[in-house]
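Asks: Here you go, one structure.
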Amino acid sequence: ASFDYKDYAFLTVSGRNDWVSNLPSENNSLFYPSASLSFIPTAAFEDLKSASGKGLNYLKFRAGIGQSAGFPQGYPTVNTVNQTTQVNGGAIGSVITNSISGFQANPDLKPELLSEFELGFEALFFDRRINLDVSYYDRTTRDLIVFKPLAPSTGFTQTQSNVGKVEGDGLEIDLGIDVFRSEEADGFNWNAAINFTTNKQIVTEQDDDQIIYAGSTAAFLGGNAAIRGEQLGVIVGRRIARDADGNFLVNGAGNYAFEDNIVLDDGRSITPIIGNPNPDYIMNWNNSISYKNFNFSFQISHTVGGDIASSTIATLLGRGLIVEDRKNTFILPGISQATGQANTLQINNSQYYFSNLLFGPKELQIYDASVIRLQEVSLSYSLPKKILDKTPFGSVSITASGFNLWYDAYNTPDAANFDPNVAGVGVGNGRGFDYLNGPSSKRYGLSVKLTF
């Protein structure tokens, strides 16, 4: 239902109920409402608008609260038996086999519920040459559905489970500026738009010590985990062993010692946290420039923060492919496990890179994945109307475009030429891993658009 008052105050309310057939009756129904309110001061109070048009042209405040639900696919609450009736039994003839999959059903699985509260405003200034849109939101997810690995001793390999509660907030800012705006239809125009987003989601309630829901449960490979008190998706894996004071430990061979498990002060046993793949913020800069029948546009994106565990960089370093000087020797900073004193064992270059960076603790393969990228460039030309007057076409335009033409992951080794835009654990919720994945590609395109 939608309501408005004198075209400057608006209220919208809604409610939805879902029933699903793949959850038990006590969990198969969920109702979730939403409401939004907006107010336009420049419509309610005309004096707020600039008389000359050089100041404030439009202002709108908005607030909203709402919920949405997520349900599992398939039938994760029931185990099924696969029966094969024609298995070759040798001398005894055909035999019948019954088997179940490695997935363990979870009859207690619940639907996930996402609740969000948002505040924001929109404004136009200087004859609508500048537009600003700001949104702040607070988001809570209850019973987030994830795949949870199981010990093979259970007879299964994974199940679906709920993460109790994930809370966080975020900010999104959109700023658009008409740098040049011609009064003529085919004059010179340049519009620039900047989008800024930041988001943080913290696991605040969870029964398990940890749930590794993507990547691998093997510490030497690493995975993404849900751990109470940490951002959702932190990278866990084998790390350099520490003493009680947090100093790195070095073994008798002069290499870093490692540990696959730690016990927190509250008694929880977890795989060590070695990184966080969630970026601090993402910013995109879009530009569109037009003159007569030409239009040129480009987009530059900048991701700041967020870690990646890169096997590509580790392999290039470990096998001596991108290190020019291989004559150095090293004494790893840390404490000797044997003496309890500062480490003094000297190791050669090969041992440092091969035994530590490549085949040592996964922690040593973590890099800051900040990257600046020329995401897209395009140039289009539209044929003049007078050329098309005697043709069946209403318009004809030709566009040449390029994607991912340049990037700089400036906190990774220059010689590696590494692009962190990889999905090492495939499609899904996993992020922050590179397992010798193929590099990202440049793409070029040419298109012709016709209207009749």
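The values are calculated or read from the model by the stated rules, or taken from the named source; none is laboratory data. As the structure is a computational prediction, the values presented were derived from the model and not from experiment. Quick reminder, even Gly has a Cβ in these numbers, built from the backbone with ideal geometry, and neighbours come from all protein chains shown. The accessibility values were calculated without ligands, DNA or RNA, using every heavy atom of the protein model including side chains. Shrake-Rupley method; radii C 1.70, N 1.55, O 1.52, S 1.80 Å.
Asks: Out of the residues in the range 149-208 meeting the condition of being within 20 Å of Gly233 (Cα to Cα) and in a loop (DSSP other than H, G, I, E, B), tell me which one is most open to solvent (accessible area, probe 1.4 Å).
Replies: The qualifying residue most open to solvent (accessible area, probe 1.4 Å) is Asp207.
Asks: Those residues that are part of a loop (DSSP other than H, G, I, E, B), open to solvent by less than 50 Å² (accessible area, probe 1.4 Å) and in contact (Cβ under 8 Å) with a residue 12 or more places away in the chain, I need them from the range 244-263; list them, please.
Replies: Once the filter is applied, which keeps residues that are part of a loop (DSSP other than H, G, I, E, B), open to solvent by less than 50 Å² (accessible area, probe 1.4 Å) and in contact (Cβ under 8 Å) with a residue 12 or more places away in the chain, the range 244-263 yields Asn251, Gly254, Asn255, Ala257.
Rundown of residues vs (1) among the small types (Gly, Ala, Ser); (2) closer than 25 Å to Arg16 by Cα; (3) out of contact with any Leu (no Cβ under 6 Å at 6 or more places or on another chain); (4) free of Cβ contacts under 8 Å to residues at least 60 places away in the same chain, yes/no style:
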| residue | (1), (2), (3), (4) |
| --- | --- |
| Glu118 | no, yes, yes, yes |
| Glu122 | no, no, yes, no |
| Asp133 | no, no, yes, yes |
| Tyr136 | no, yes, no, yes |
| Arg142 | no, yes, no, yes |
| Lys148 | no, no, yes, no |
| Gly155 | yes, no, yes, yes |
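Asks: Give me a count of the residues in the range 389-426 that are open to solvent by 50 Å² or more (accessible area, probe 1.4 Å), assigned to a loop (DSSP other than H, G, I, E, B) and either under 28 Å from Ile308 (Cβ atoms) or acidic (Asp, Glu) (or both).
Replies: 6
Asks: Does Glu172 qualify as being at pLDDT 95 or above and in contact with a Ser or Thr (Cβ under 6 Å, 6 or more places away or on another chain)?
Replies: For Glu172, the condition - at pLDDT 95 or above and in contact with a Ser or Thr (Cβ under 6 Å, 6 or more places away or on another chain) - is met.
Asks: When residues of the range 74-100 are filtered for being surrounded by fewer than 14 Cβ atoms within 10 Å (Cβ to Cβ) and touching a residue at least 40 places away in the same chain (Cβ under 8 Å), how many remain?
Replies: Within the range 74-100, residues that are surrounded by fewer than 14 Cβ atoms within 10 Å (Cβ to Cβ) and touching a residue at least 40 places away in the same chain (Cβ under 8 Å) number 2.
Asks: Now for a separate question. From the list Leu113, Leu109, Leu30, pick out the single residue that is farther than 30 Å from Tyr5 by Cβ, touching a strand residue (DSSP E or B) at 6+ places or on another chain (Cβ under 9 Å) and open to solvent by less than 30 Å² (accessible area, probe 1.4 Å).
Replies: Exactly one residue qualifies, and that residue is Leu109.
Asks: Among the residues of the range 265-280, is there at least one that is among the hydrophobic types (A, V, I, L, M, F, W, C) and either free of Cβ contacts under 8 Å to residues at least 60 places away in the same chain or under 29 Å from Thr339 (Cβ atoms) (or both)?
Replies: There is at least one residue in the range 265-280 that is among the hydrophobic types (A, V, I, L, M, F, W, C) and either free of Cβ contacts under 8 Å to residues at least 60 places away in the same chain or under 29 Å from Thr339 (Cβ atoms) (or both).
Asks: Any residue at all in the range 128-142 that is part of a loop (DSSP other than H, G, I, E, B), within 30 Å of Gly55 (Cβ to Cβ) and either among the acidic types (Asp, Glu) or open to solvent by 40 Å² or more (accessible area, probe 1.4 Å) (or both)?
Replies: Among the residues of the range 128-142, at least one is part of a loop (DSSP other than H, G, I, E, B), within 30 Å of Gly55 (Cβ to Cβ) and either among the acidic types (Asp, Glu) or open to solvent by 40 Å² or more (accessible area, probe 1.4 Å) (or both), which makes the answer yes.
Asks: Let me spell it out: the conditions are (1) within 19 Å of the chain's Cα centre (by Cα); (2) over 30 Å from Pro333 (Cβ atoms); (3) crowded, with 16+ Cβ neighbours inside 10 Å, and Ser382 meets all of them except one. Which number is the exception?
Replies: (1)
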